[in-house]
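Heads up: the structure comes next, in structure tokens.
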Amino acid sequence: MWASTQTGSEAAGDGPAEDHNGDVVVLGAGIAALVAAYELELLGHRVMVLEGSERIGGRVYTHRFGTADNAPHVELGAMRIPPGHELTMRYVEKLGLKSALRPFRTILSDENNYLTTGSGYVRVKNASGPLLADLRREVPTASYGSVTLLFGAWMAAVVRAMAPAELRDNLASDLTTLLRLADRVDLTPYVHGARSDRIDLGAVFREHPELRMGCGPRLYSFLDDLLLETGTGLMYLSGGMSQIAERLADRIRGPILLGREVISLDAGCDQVSLGIRHRRHRTVRQHPAVLCTLPFSVLRQLALTGFDDDKREVIGSVDYGGATKIALHCREAFWERDGTLGGASATGGRTRQTYYPPHEGDPAQGAVLLGSYAIAEDADLLGQFPEDARHAAVIDELAPLYPQLKEPGTVLGAASIAWAGHRWSNGCTSRRWRWGKDATGRDEEMRRAARPQGRLFFAGEHCSATPAWINGAIESALGAVTAIDTALRSSR
Ligand SMILES: Cc1cc2nc3c(=O)[nH]c(=O)nc-3n(C[C@H](O)[C@H](O)[C@H](O)COP(=O)(O)OP(=O)(O)OC[C@H]3O[C@@H](n4cnc5c(N)ncnc54)[C@H](O)[C@@H]3O)c2cc1C
């Protein structure tokens, strides 16, 4: 048994723990790795975790503006837990974090959030008229009833707010078919709001799945994310999502060694040969079992031997989307003065989405505006700039809406990650919509991604049925734990 968990700078040194050959070496210290390490130890295995960067958590990344306990923070990676993500919830509970769960206020959820329309920025509460006018400009609408048009107008609004550019470009064609199908359904039960000018899109698609057939293949595959992310029942963790990683690490007895970059993997039948770079040193060691949770976007750049053709093909071909998040640390939450108390605006342009995260802690420490959250091709527009330039670009773009951002002393600092170019993930998440409608095809991709090579096992969101979510990372970890436990027991 190793003496203690070593994270942080303590672990970055050459600790004696590395001299031990554990039953299982886990590569990466994101959620998949930490869950797997924790569960493997519960099954009696000795575990060592090797992480290339200087922090744990991977794509769960709570950034703090300052070192004080109550310093404002922002999620530069995962920020919400959707309803139905039972595995994520199970670990939140297991780790004693249930009392930190709070309802997450999503995009366009606040009446005072803004959205861009053909008439300029409008508040959600005033948006129906301008959205209907936009719809009439975009597609033929003369033959449809008013509720069908309301459905089309809000459907167009959420696609424009959230979807990648390729879906927005195809919107007119999707809407033309969707309106035709929607007009056959009585949608009046889904109309809501003080002025009866909103429509519950989640309920419409849940109770009328036939409408999904009106979406082209791209929109069809993205629809679940779209409805999930704009729907109700989402939660966040007060204090930051990184607590999930931190609490898992606290419970792992084996060492978690940071600054250990995997540079080569040779998958043999009885052992795995692992090349690691630590500072200026390179080592190659053999281990009886290794679990690799590195994103395939990183793995395919390493020296890999002993992999069969099919495995090489899937590692090489899983597509990764981009995402860029840019947060501004502001002297105060000036947006609250004009009534915006949460949620997010669909600001469009290069910023795409602007979130107003709940500010916890001492108001004297300021508040955070998540100025820009963009995905896919949109993420590259700001992501390609050096940090200072992309921060300045967000301020410029939001200034017509929030002139305060240009006043000296308003913005105290900024932080951002362009995940597409992030050294340790080379992308935001694996892209499921590439796989289209076919559930069988998706299962097959997942099986191929997770399939071991001798004693080298695989986990990570890309090896799951819920890729792109923490839930998928956990699901894949639990699958890998079962496979590793079986393999190690059968060889004893
Ligand atoms: C911007 C963004 C928003 C998201 N929003 C949400 C959300 O709201 N809700 C949600 O549930 N999910 C969300 N996700 C997805 C979620 O964060 C991921 O699915 C999940 O965290 C992936 O975990 P993982 O363990 O599979 O991979 P990772 O977290 O990427 O872990 C892999 C680890 O391997 C390490 N590593 C990489 N290369 C090497 C190397 N060569 N040597 C050693 N170590 C290496 C990395 O540093 C990392 O720590 C979001 C992701 C992003 C990027």
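The values are calculated or read from the model by the stated rules, or taken from the named source; none is laboratory data. Bear in mind that the values here come from a model prediction, so they are computed numbers and not experimental data. For neighbour counting, all protein chains shown are included, and Cβ atoms are generated from backbone atoms with ideal geometry for every residue, glycine included.
Would you confirm whether or not the stretch 414-432 contains a residue that is over 16 Å from the mean Cα position of the chain (by Cα) and closer than 30 Å to Val314 by Cβ?
Within the stretch 414-432, one or more residues are over 16 Å from the mean Cα position of the chain (by Cα) and closer than 30 Å to Val314 by Cβ.
Of everything in the stretch 35-59, what is buried (at least 24 other Cβ atoms within 10 Å of the Cβ) and either outside the structural domain of Glu475 (by TED's automatic domain parsing) or under 25 Å from Ala327 (Cα atoms) (or both)? Give them in sequence order.
Listed by number, the residues that qualify are Ile56, Gly57, Gly58, Arg59.
Here's a check for you: in the stretch 233-250, which residue that is part of a strand (DSSP E or B) and among the aliphatic types (A, V, I, L, M) is surrounded by the most Cβ atoms within 10 Å (Cβ to Cβ)?
So the residue we want is Leu237.
Just give me the residues in the stretch 444-482 being within 16 Å of the ligand (Cβ to nearest atom) and either in a strand (DSSP E or B) or over 26 Å from the mean Cα position of the chain (by Cα) (or both), in sequence order. Working first, answer last.
Of all residues in the stretch 444-482, those within 16 Å of the ligand (Cβ to nearest atom) come to 445-446, 449-450, 456-481.
Once the filter is applied, which keeps residues that are within 16 Å of the ligand (Cβ to nearest atom) and either in a strand (DSSP E or B) or over 26 Å from the mean Cα position of the chain (by Cα) (or both), the stretch 444-482 yields Leu456, Phe457, Phe458.
Select, from Ala450, Ala468, the only residue that is hydrophobic (A, V, I, L, M, F, W, C) and in contact (Cβ under 8 Å) with a residue 60 or more places away in the chain.
Being hydrophobic (A, V, I, L, M, F, W, C) and in contact (Cβ under 8 Å) with a residue 60 or more places away in the chain holds for just one of Ala450, Ala468, which is Ala468.
Could you look through the stretch 22-42, keep only residues that are near the ligand (Cβ under 8 Å from one of its atoms) and not in a helix (DSSP H, G or I), and pick out the one that is farthest from Leu257 (Cα to Cα)?
So the residue we want is Gly30.
Give Ser273, Ser264, Ser238 a once-over and let me know the one that is in contact with a Gly (Cβ under 6 Å, 6 or more places away or on another chain) and polar (S, T, N, Q).
Ser264
Inspect the stretch 291-309 for any residue being over 26 Å from Val47 (Cβ atoms) and either modelled with pLDDT of 95 or more or touching a strand residue (DSSP E or B) at 6+ places or on another chain (Cβ under 6 Å) (or both) and give the result as yes or no. Reasoning before the result, please.
Keep residues of the stretch 291-309 that are over 26 Å from Val47 (Cβ atoms), which gives 308-309.
Then drop every residue that is not either modelled with pLDDT of 95 or more or touching a strand residue (DSSP E or B) at 6+ places or on another chain (Cβ under 6 Å) (or both), which leaves 308-309.
Taking every residue of the stretch 291-309 in turn, at least one turns out to be over 26 Å from Val47 (Cβ atoms) and either modelled with pLDDT of 95 or more or touching a strand residue (DSSP E or B) at 6+ places or on another chain (Cβ under 6 Å) (or both).
Would you point out which residue out of Gly66, Gly77, Gly52, Gly96 is modelled with pLDDT of 95 or more, on the phi > 0 side of the Ramachandran plot and not hydroxyl-bearing (Ser, Thr, Tyr)?
On the way: Gly66 fails: modelled with pLDDT of 95 or more; Gly77 fails: on the phi > 0 side of the Ramachandran plot; Gly52 fails: on the phi > 0 side of the Ramachandran plot.
Residue meeting the stated conditions: Gly96.
Within the stretch 279-295, restricting attention to residues that are more than 13 Å from Gly268 (Cα to Cα) and surrounded by fewer than 23 Cβ atoms within 10 Å (Cβ to Cβ), which residue is farthest from the ligand (Cβ to nearest atom)?
Arg280
Given Gly77, Gly84, which one is within 16 Å of the ligand (Cβ to nearest atom), assigned to a loop (DSSP other than H, G, I, E, B) and buried (at least 16 other Cβ atoms within 10 Å of the Cβ)?
Sole residue among the options that is within 16 Å of the ligand (Cβ to nearest atom), assigned to a loop (DSSP other than H, G, I, E, B) and buried (at least 16 other Cβ atoms within 10 Å of the Cβ): Gly77.
Please count how many residues of the stretch 63-74 are under 23 Å from Cys428 (Cβ atoms), among the hydrophobic types (A, V, I, L, M, F, W, C) and either in the same structural domain as Ile31 (by TED's automatic domain parsing) or surrounded by fewer than 22 Cβ atoms within 10 Å (Cβ to Cβ) (or both).
Keep residues of the stretch 63-74 that are under 23 Å from Cys428 (Cβ atoms), which gives 63-65, 73-74.
Filter once more, so that each one left must be among the hydrophobic types (A, V, I, L, M, F, W, C): 65, 74.
Subset that is either in the same structural domain as Ile31 (by TED's automatic domain parsing) or surrounded by fewer than 22 Cβ atoms within 10 Å (Cβ to Cβ) (or both): 65.
Residues in the stretch 63-74 being under 23 Å from Cys428 (Cβ atoms), among the hydrophobic types (A, V, I, L, M, F, W, C) and either in the same structural domain as Ile31 (by TED's automatic domain parsing) or surrounded by fewer than 22 Cβ atoms within 10 Å (Cβ to Cβ) (or both): 1 in total.
Looking at the stretch 477-488, can you tell me whether even one residue there is surrounded by fewer than 17 Cβ atoms within 10 Å (Cβ to Cβ) and of a type in the set (Gly, Ala, Ser)?
Yes, the stretch 477-488 contains at least one residue that is surrounded by fewer than 17 Cβ atoms within 10 Å (Cβ to Cβ) and of a type in the set (Gly, Ala, Ser).
Could you tell me whether any residue of the stretch 47-63 is of a type outside the set (Val, Ile, Thr) and farther than 30 Å from Ala267 by Cα?
yes
Would you mind listing the helices (runs of 4 or more DSSP H) fully within the stretch 278-392 where at least 2 residues are touching a Leu at 6+ places or on another chain (Cβ under 9 Å) and not hydrophobic (A, V, I, L, M, F, W, C)?
Numbers: elements: 296-299, 309-317, 376-383.
Where helices (runs of 4 or more DSSP H) fall fully within the stretch 278-392 and carry at least 2 residues being touching a Leu at 6+ places or on another chain (Cβ under 9 Å) and not hydrophobic (A, V, I, L, M, F, W, C), they are 309-317.
Select from the stretch 389-424 the residues that are within 16 Å of the ligand (Cβ to nearest atom) and over 14 Å from Gly371 (Cα atoms) and write down the one among them that is surrounded by the fewest Cβ atoms within 10 Å (Cβ to Cβ).
Arg423
Does the stretch 320-343 contain any residue that is crowded, with 16+ Cβ neighbours inside 10 Å, in contact (Cβ under 8 Å) with a residue 60 or more places away in the chain, within 30 Å of Gln271 (Cβ to Cβ) and of a type in the set (A, V, I, L, M, F, W, C)?
No, that holds for no residue.
For residues that are in contact with a Ser or Thr (Cβ under 8 Å, 6 or more places away or on another chain) and surrounded by fewer than 17 Cβ atoms within 10 Å (Cβ to Cβ), tally how many sit in the stretch 307-319. Quick ask: steps written out before the conclusion?
Pass one, the stretch 307-319, residues in contact with a Ser or Thr (Cβ under 8 Å, 6 or more places away or on another chain): 318-319.
If we keep only those that are surrounded by fewer than 17 Cβ atoms within 10 Å (Cβ to Cβ) as well, we get 319.
Matching residues across the stretch 307-319 total 1.
Anything in the stretch 185-232 that is touching a strand residue (DSSP E or B) at 6+ places or on another chain (Cβ under 8 Å) and either assigned to a helix (DSSP H, G or I) or not assigned by TED's automatic domain parsing to the domain that holds Ser146 (or both)? List them, or say none.
Answer for the stretch 185-232, where residues must be touching a strand residue (DSSP E or B) at 6+ places or on another chain (Cβ under 8 Å) and either assigned to a helix (DSSP H, G or I) or not assigned by TED's automatic domain parsing to the domain that holds Ser146 (or both): Tyr190, Glu229, Thr230.
Would you check which residues across the stretch 87-123 are more than 16 Å from the ligand (Cβ to nearest atom) and either in contact (Cβ under 8 Å) with a residue 60 or more places away in the chain or in a loop (DSSP other than H, G, I, E, B) (or both) and list them?
Result: Gly96, Leu108, Asp110, Glu111, Asn112, Asn113, Tyr114, Leu115, Thr116, Gly118, Ser119, Tyr121.
So is Gly152 farther than 30 Å from Val290 by Cβ, more than 16 Å from the ligand (Cβ to nearest atom) and surrounded by fewer than 20 Cβ atoms within 10 Å (Cβ to Cβ) or not?
So Gly152 does not fit the description; no.
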